[in-house]
Each structure stands twice: as structure tokens, then as C-alpha cells.
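Asker: Handing you this structure, nothing more for now.
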Amino acid sequence: MAGASGEEQRLRDLALLRRAHDRIDREYAKPLNVEDLARGVNMSPGHFSRQFKLAYGESVYGYLMTRRIERAMALLRRGDLSVTEVCHEVGCSSLGTFSTRFTELVGVPPSVYRRQPDGIFEALPSVLAKRVARPVRNREAAPARRK
């Protein structure tokens with residue numbers, strides 16, 4: 001019986017984590033932190049952080065920043081906002097941290113990305129353009145070494 005209740009708890013935790021995950025997707029531009037997100041699903045911050053990483057493969061902060069950078073990429077491609085305006089629009093308070101994280105995930109600084117020609121993904125089907133445009137951490141993008 002202990003196994004069944006353990007599995008039920010795991011499924012309940014996954015449902016709660018999905019709620020927090022969805023909240024990050026919706027509210028990425030608001031000030032979010034682990035404590036508030038954990039409180040919103042009635043978990044301790046430590047348990048929430050560990051379970052989130054197990055379920056989604058990245059930390060809460062890492063996931064939040066990925067969402068913010070994805071949105072920033074779209075705003076920069078639009079071209080009507082400065083890098084500083086985009087930084088604040090996506091919920092980042094530090095331009096330096098935003099630029100560093102953007103460069104880490106996208107591979108170029110936001111100012112360079114902003115100057116890239118419009119329509120860079122125009123020839124691709126939207127499903128492929130979305131995949132190509134998604135930011136990837138440099139450590140994830142590094143080619144696997146052969147032994």
C-alpha cells in the first residue's frame with residue numbers, strides 16, 4: 001500500500017508543479033521567486049525547487065529566465081523597443097544581468113540580435129521557426145564529445 005500512496009503523492013506533486021509552471025508562463029514579466037511560487041502550490045521552497053528540477057530538468061530560475069528571454073527575442077525582432085525597454089518589459093530589473101543571460105542563452109548580445117534582419121525566419125514553417133528561435137543554454141548546445 002505504501003507504494004500506491006507514494007505514487008499518488010508524486011502525481012499530486014506533478015499537478016501542483018504544472019500549476020506553478022503555467023503561472024511562470026503567464027506571469028513571467030512579474031516579480032516571481034521560488035518562495036512565492038512554492039507558497040502558491042502549498043510546498044516548502046526546498047521541496048518545490050527539487051521537484052521542479054526533477055520534473056522539468058532545469059531550475060525554477062532557469063525556466064523563468066528562458067521564458068523571459070524567449071519573449072525578449074520576439075520583442076527585439078519587432079524592433080520598436082530599445083534593449084533597455086525590452087529588459088524591463090520582460091520583468092528583468094538589471095540590464096547587465098539581462099544582457100548576460102540573453103547572450104548565454106541566445107549566443108549573441110541583445111543589441112546584436114536586435115540588428116539582425118527582419119524576416120530571418122520567414123522562409124521556415126512556423127513550427128520550425130519556433131524551434132530554431134528558442135534559446136538554448138550554451139552547455140546544452142555544445143556538441144557531445146566522442147570517446
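Asker: What residue, of Gly91, Gly46, is of a type outside the set (Lys, Arg), modelled with pLDDT of 95 or more and assigned by TED's automatic domain parsing to the domain that holds Arg12?
Answerer: Gly46
Asker: Still on this structure, I have one more. So which of Gly62, Gly79 is in contact with an Asp or Glu (Cβ under 8 Å, 6 or more places away or on another chain) and within 25 Å of Phe98 (Cβ to Cβ)?
Answerer: After ruling out the rest, the residue left standing is Gly79.
Asker: When only residues in region 32-47 that are out of contact with any Asp or Glu (no Cβ under 9 Å at 6 or more places or on another chain) and assigned to a helix (DSSP H, G or I) count, which is surrounded by the fewest Cβ atoms within 10 Å (Cβ to Cβ)?
Answerer: Only one residue fits best here, namely Gly46.
Asker: List the residue pairs whose Cβ atoms are under 8 Å apart, where the first residue sits in region 65-87 and is over 11 Å from Ala29 (Cα atoms), the second is surrounded by fewer than 16 Cβ atoms within 10 Å (Cβ to Cβ) and of a type in the set (Ser, Thr, Tyr), and the two are 6 or more positions apart or on different chains.
Answerer: Val83/Ser111
Asker: For region 121-137, does any single residue satisfy the condition of being surrounded by 13 or more Cβ atoms within 10 Å (Cβ to Cβ), touching a Phe, Trp or Tyr at 6+ places or on another chain (Cβ under 6 Å), modelled with pLDDT of 90 or more and within 23 Å of Arg26 (Cα to Cα)?
Answerer: No: zero hits.
The values are calculated or read from the model by the stated rules, or taken from the named source; none is laboratory data. The structure presented is a predicted model; accordingly, all values stated were derived computationally and were not measured. Quick reminder, even Gly has a Cβ in these numbers, built from the backbone with ideal geometry, and neighbours come from all protein chains shown.
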